[in-house]
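The values are calculated or read from the model by the stated rules, or taken from the named source; none is laboratory data. Since the model is a prediction, treat every value here as computed from it, not as a measurement. So basically every Cβ, Gly included, is an ideal-geometry build from the backbone, and we count neighbours across all protein chains shown. With ligands, DNA and RNA removed, areas are computed over all heavy atoms of the protein, side chains included. Shrake-Rupley method; radii C 1.70, N 1.55, O 1.52, S 1.80 Å.
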Amino acid sequence: MAGRSISSLRVPVSRLRRQCDPGVFKFKTTAEVAPLAGTVGQARAVQAMDFGLNIGAPGFNLFVSGPPGTGRSTELRMQLERIAAQRPAPRDWCYVFNFTDPARPRALSLPADRGHQLSHHIEELVETVRAEVPKAFESDEYAQRRDQVQREVQAQRERMFEALQKEADARQMAVNVTPMGITTVPILEGKPITKEQYDLLTDDGKHAIQERTAELDSIIAQFVPQLRRLDRNVAQLLAQLDRQVMVAITSSLIEELKRDYAEEPAVVDFLEQLSEDMVTNIDAFRGQEEQPQNPFVGLAASARESVLNRYQVNVIVTHDGSAHAPVVFEDSPSYYRMFGRIDYRSSFGSMTTDHTMIKPGAMHRANGGFLVVEAMDVLTQPLVWETLKRELRTQQLLLENLGEQLSIIPTATLTPEPIPLDVKVAMIGNSRIFTLLQSVDEDFRKLFKAKADFTIDVARDARNLQAYAGFIAKQIADLGMRPFDRGAVARVIEHSARLASDQEKLSLRMM
């Protein structure tokens, strides 16, 4: 070094900037260049992305790594749109009332676009039944059948009282039916004995009356249970009559729906349970005038609405039958936006909820397709990363509110039936986040086995120069700008090399 002159280390000014000869381009302006579909110089990343998005094996979710501006998001969106367009729309999902376990709403799956159809059909069913039931109970036929039942029972009651009166007559006694029960009165000279007459009787006469009274009381004690059974029978007969009327109204409507959904066994089972529940809760469908006059008897308005509410179908995810697999970009992946929630309503000073208050999240909407999230956003939101891993690991959408996970004391709430999960998650982040997760999180290594790594520069060769020109042509077209001539493209190439700090490379940070 000491023997060499400083002048030998001088770099000519002409070499400080590597110029791009416009003659390498065969076009005059970018108007003649086909816009580039994709990114410049990211062949390996594009190939890895294509692999990760297309492979169906569990655990091959995708991590897209690279600095912002390298085209990672643009390329991901393009590939997702292309792949999703080749796949059919997934099935709809609904939550319905669970008639055997109300705290655990049932999840029903239907073909695409049939979720709203089921909801509409059930609404029509309920409205039809509500309109027809009051008419049926106000009809002359129903009144005649009800009167017939009551007359038959009244006849049995009269025969029983006649038999009881005969027993009383044989013992010179009379029986009276009062609201407090059946009382007995001794008869003397054809009339009920008075207290004064009783006091004038001899001891033998009093003893005889006491014996006759005891005998009749014993007969009455056997008579009362029979009378109660008769009252129960009439209540059962009237309830059976009401049930027959309700079945006559609902059976044909339910059977028609069952035929429409014959290929969906879970829906058919729900319809059968719904039909039975409607018959059980007849009072919810009676008109207001059909309710008992006593305000403490029968269904109150709120209770009636609560019963009717259970028949609603909560469609949480639906798809157009002609659509394709969903692609969901969640820009704000908070817990509830990602995984859904269970809302509550205030009712008479308390908070209540039901299956109609279940709201979906991004995971529900992306089920059967693809979900894209930013890694930093997912990692910094409370419980989002842990819940995301759990659902990907179990392949189930288990919906529960955030407070239930953090609460030490369990609270009464809903536990909706889990929904099977089939989603491909693409998480976008930088290489530092990827390296950190790889080193400290075993679940990440198992769940995100595919990685697309976008670089920040590319070799300055003839192929990439032409690709750069195509990229510039696309940006000009998208922004509505006037076309560049090849000299302007050459200057952009020179500026790209300056950004890369290397005359043999071009920067891929397009921002």
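To put it simply, the accessible area of the chain at a 1.4 Å probe is 52 percent carbon and sulfur.
First check a/c for the chain, with a ≥ b ≥ c the square roots of the eigenvalues of its C-alpha gyration tensor; if it is under 1.5, answer rounded, and if not, answer prolate when a/b is larger than b/c or oblate otherwise.
Numbers: a/c = 5.56, a/b = 3.56, b/c = 1.56.
Prolate, since a/c reaches 1.5 and a/b exceeds b/c.
Charge tally around Gln154: other residues with Cβ under 13 Å, Lys/Arg +1 each, Asp/Glu -1 each, net -1. Each part gets one Cα centre, and for the range 143-194 versus the range 424-467 those centres are 94 Å apart. Using the 1.4 Å probe convention, the accessible area of the chain works out to 56 Å² per residue with neighbouring protein chains retained. Between Gln503 and Leu436, the FRET efficiency estimated from the beta carbon spacing at R0 = 25 angstrom works out to 0.15. Modelled label positions at Asp461 and Ala31, each set 7 Å beyond Cα in the direction of Cβ, lie 3.4 nm from each other. Distant-in-sequence amide contacts of Met173, defined by a placed amide H-H separation under 5 Å and a gap of 5 or more residues or a different chain, comprise Ile187. Rounded to 0.05, the FRET efficiency of the Arg130 and Glu255 pair, given R0 = 22 Å and the Cβ-Cβ distance, is 0.70. Our note on the geometry: Cα centres of the range 6-55 and the range 230-279, 73 Å apart.
In this view, the solvent-accessible surface of His364, computed with a 1.4 Å probe and all protein chains in place, comes to about 10 Å². Taking 41 Å as R0, compute the FRET efficiency from the Cβ-Cβ separation of His116 and Asp140 and round it to 0.05. After rounding, the FRET efficiency stands at 0.55.
With the highest mean first, a sort of the peptides 159-168, 463-472 on other beta-carbon atoms found within 10 angstrom per residue produces 463-472, 159-168.
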